[in-house]
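Have a look at the structure below before the remarks.
The values are calculated or read from the model by the stated rules, or taken from the named source; none is laboratory data. Owing to the predicted nature of the structure, the values given are computational and were not obtained by experimental measurement. Quick reminder, even Gly has a Cβ in these numbers, built from the backbone with ideal geometry, and neighbours come from all protein chains shown. Accessible surface areas use protein heavy atoms only, side chains included; no ligands, DNA or RNA. Shrake-Rupley method; radii C 1.70, N 1.55, O 1.52, S 1.80 Å.
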Amino acid sequence: MGQQLIKEVNGVTKEKIHFIGGGQMAEAIIRACIANNTLSVNQISVSDINEARLQFLNTKYGVDTESSQEHNLSTADVIVVAVRPQDDLTTLGQIVQQFATASAAIVSIVAGVTNDQLAGYFGAERSIIRVIPNTLTDTGYGYSGVALNAYATRDQVEHFLLGFGKVQYLDEALMDVFTGFGVSGPNYIYYFIESLVDAGVLAGLPREQAWKVALENMMGSVAMLQQTGLHPRQLLDINNSPGGVGMHGLYELNNSDFAAGLQRSVLAAVKRTTELGVK
């Protein structure tokens, strides 16, 4: 099994994190880790083929974008592969194997590329951690899906991963499902809230007022589910009297095929995730 990589000085972690790729998701992770004080800027380095992007990350966050990739790889404890699946992973893997230490863990956020495939690029006996990052990194909410290979341990990366949200460890066979359901989940919530606000405006409320009511109802409903531990159906039964206003609204919503439409949307997202992985 992989050895623990987290270094501590007076209880503060000092691992070095190198990002290969400085795109939007890498930036979101960096931003959250710095904001949550789980990493300092001098622990983070980034390489990218886009010089303008590197300059932006250096100016905005103060992370190291100027040291050579060879140096950053040779000193990194965790190497975050944050490139596109269509990029040249073969050449990238050769560079990593040439310069990175044998103990450095690979954290991949490359969509659709499996741990077995990653091992073919970065080394068959290296610690490899496949991560599907959540898109709510700035909020402290949201789960990232994580699949470890046989050489990786949670201790190697958990501190880093918890810097940008919560973690669920999964059998890798469930990663596509997690992507289509969990990581894409905020899309469905955003769309529902937008539609609910529009419904309030359609009924006659000013948009600003409808917006505030919809958000408050969303947050309060989640809090009720968490605090009571009740099933949603139980709360629906409590909220709706026979023949009442709420039941008439729910009846019409049922006629719209809302539940099945949402389920089809999730299945379509899962299917597309699998297709991208094959490509």
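Candidates are the residues of the range 169-191 that are aromatic (Phe, Trp, Tyr) and without any contact (Cβ under 8 Å) to a residue 12 or more places away in the chain; the one that is farthest from Thr135 (Cα to Cα) is Tyr191. Just to be sure before I move on: is Ile189 β-branched (Val, Ile, Thr), under 21 Å from Phe19 (Cα atoms) and either in contact with a Phe, Trp or Tyr (Cβ under 7 Å, 6 or more places away or on another chain) or surrounded by fewer than 19 Cβ atoms within 10 Å (Cβ to Cβ) (or both) in the structure I sent? Against the criterion (β-branched (Val, Ile, Thr), under 21 Å from Phe19 (Cα atoms) and either in contact with a Phe, Trp or Tyr (Cβ under 7 Å, 6 or more places away or on another chain) or surrounded by fewer than 19 Cβ atoms within 10 Å (Cβ to Cβ) (or both)), Ile189 does not qualify. Just one of the listed residues (Leu267, Leu262, Leu202) is part of a helix (DSSP H, G or I), open to solvent by 80 Å² or more (accessible area, probe 1.4 Å) and in contact (Cβ under 8 Å) with a residue 40 or more places away in the chain, and it is Leu267.
In the range 1-22, which residue that is at pLDDT 95 or above and either exposed (fewer than 13 other Cβ atoms within 10 Å of the Cβ) or small (Gly, Ala, Ser) (or both) is farthest from Thr59 (Cα to Cα)?
Our first condition is that a residue be at pLDDT 95 or above; within the range 1-22, this holds for 16-22.
With either exposed (fewer than 13 other Cβ atoms within 10 Å of the Cβ) or small (Gly, Ala, Ser) (or both) added as a condition, the list becomes 21-22.
Details: Gly21: 16, Gly22: 13 Å.
By that ranking, first place goes to Gly21.
Across the range 68-87, which residue is surrounded by the most Cβ atoms within 10 Å (Cβ to Cβ) among those that are farther than 25 Å from Asp155 by Cα and of a type in the set (S, T, N, Q)?
Taking the range 68-87 first, the residues farther than 25 Å from Asp155 by Cα are 68-70, 84-87.
Right, trim to of a type in the set (S, T, N, Q) and you get 68-69, 86.
Working: Ser68: 11, Gln69: 16, Gln86: 9.
Going through the qualifying residues, I end up with Gln69.
Filtering the range 88-122 to residues that are without any contact (Cβ under 8 Å) to a residue 40 or more places away in the chain, open to solvent by 10 Å² or more (accessible area, probe 1.4 Å) and not aliphatic (A, V, I, L, M) leaves Asp88, Thr90, Thr91, Gln94, Gln97, Gln98, Phe99, Thr101, Asp116, Gln117, Gly120, Tyr121.
When Leu73, Leu39 are screened for being without any contact (Cβ under 8 Å) to a residue 60 or more places away in the chain, among the hydrophobic types (A, V, I, L, M, F, W, C) and closer than 26 Å to Leu118 by Cα, only Leu73 passes.
Could you identify the single residue in Glu194, Glu216, Glu275, Glu252 that is closer than 30 Å to Asn115 by Cβ, part of a helix (DSSP H, G or I) and free of Cβ contacts under 8 Å to residues at least 60 places away in the same chain? Give the steps one after another, and end with the answer.
On the way: Glu194 fails: closer than 30 Å to Asn115 by Cβ; Glu216 fails: closer than 30 Å to Asn115 by Cβ; Glu252 fails: closer than 30 Å to Asn115 by Cβ.
Exactly one of Glu194, Glu216, Glu275, Glu252 is closer than 30 Å to Asn115 by Cβ, part of a helix (DSSP H, G or I) and free of Cβ contacts under 8 Å to residues at least 60 places away in the same chain, namely Glu275.
Grab the helices (runs of 4 or more DSSP H) fully contained in the range 37-137, keeping just those with 3 or more residues being hydrophobic (A, V, I, L, M, F, W, C). I'd like the intermediate steps shown before the answer.
Details: elements: 51-61, 69-75, 89-99, 115-122.
Those helices (runs of 4 or more DSSP H) span 51-61, 89-99, 115-122.
Can you report the number of residues in the range 123-132 which are open to solvent by less than 70 Å² (accessible area, probe 1.4 Å) and among the charged types (D, E, K, R)? Before you say what the answer is, go through the steps one by one.
Filtering the range 123-132 down to residues open to solvent by less than 70 Å² (accessible area, probe 1.4 Å) leaves 123, 126-132.
Retained after the next criterion (residues that are among the charged types (D, E, K, R)): 126, 130.
Qualifying residue count for the region: 2.
The set of residues from the range 53-67 being open to solvent by 60 Å² or more (accessible area, probe 1.4 Å) and acidic (Asp, Glu) comprises just one member, Glu66.
Table: residues versus (1) of a type outside the set (Ser, Thr, Tyr); (2) touching a helix residue (DSSP H, G or I) at 6+ places or on another chain (Cβ under 8 Å).
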{"site": "Tyr121", "(1), (2)": "no, yes"}
{"site": "Thr137", "(1), (2)": "no, yes"}
{"site": "Ala150", "(1), (2)": "yes, no"}
{"site": "Arg154", "(1), (2)": "yes, no"}
{"site": "Phe160", "(1), (2)": "yes, yes"}
{"site": "Glu172", "(1), (2)": "yes, yes"}
{"site": "Val183", "(1), (2)": "yes, no"}
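With respect to being out of contact with any Asp or Glu (no Cβ under 6 Å at 6 or more places or on another chain), part of a helix (DSSP H, G or I), open to solvent by 60 Å² or more (accessible area, probe 1.4 Å) and touching a residue at least 40 places away in the same chain (Cβ under 8 Å), Asp155 fits the description. Which members of the range 132-180 meet the condition of being among the aromatic types (Phe, Trp, Tyr), within 29 Å of Ala102 (Cβ to Cβ) and within 11 Å of the chain's Cα centre (by Cα)? Correct list: Phe164 only. Touching a His at 6+ places or on another chain (Cβ under 9 Å) and under 16 Å from Ala152 (Cβ atoms): is that true of Ala119 in this structure? No.
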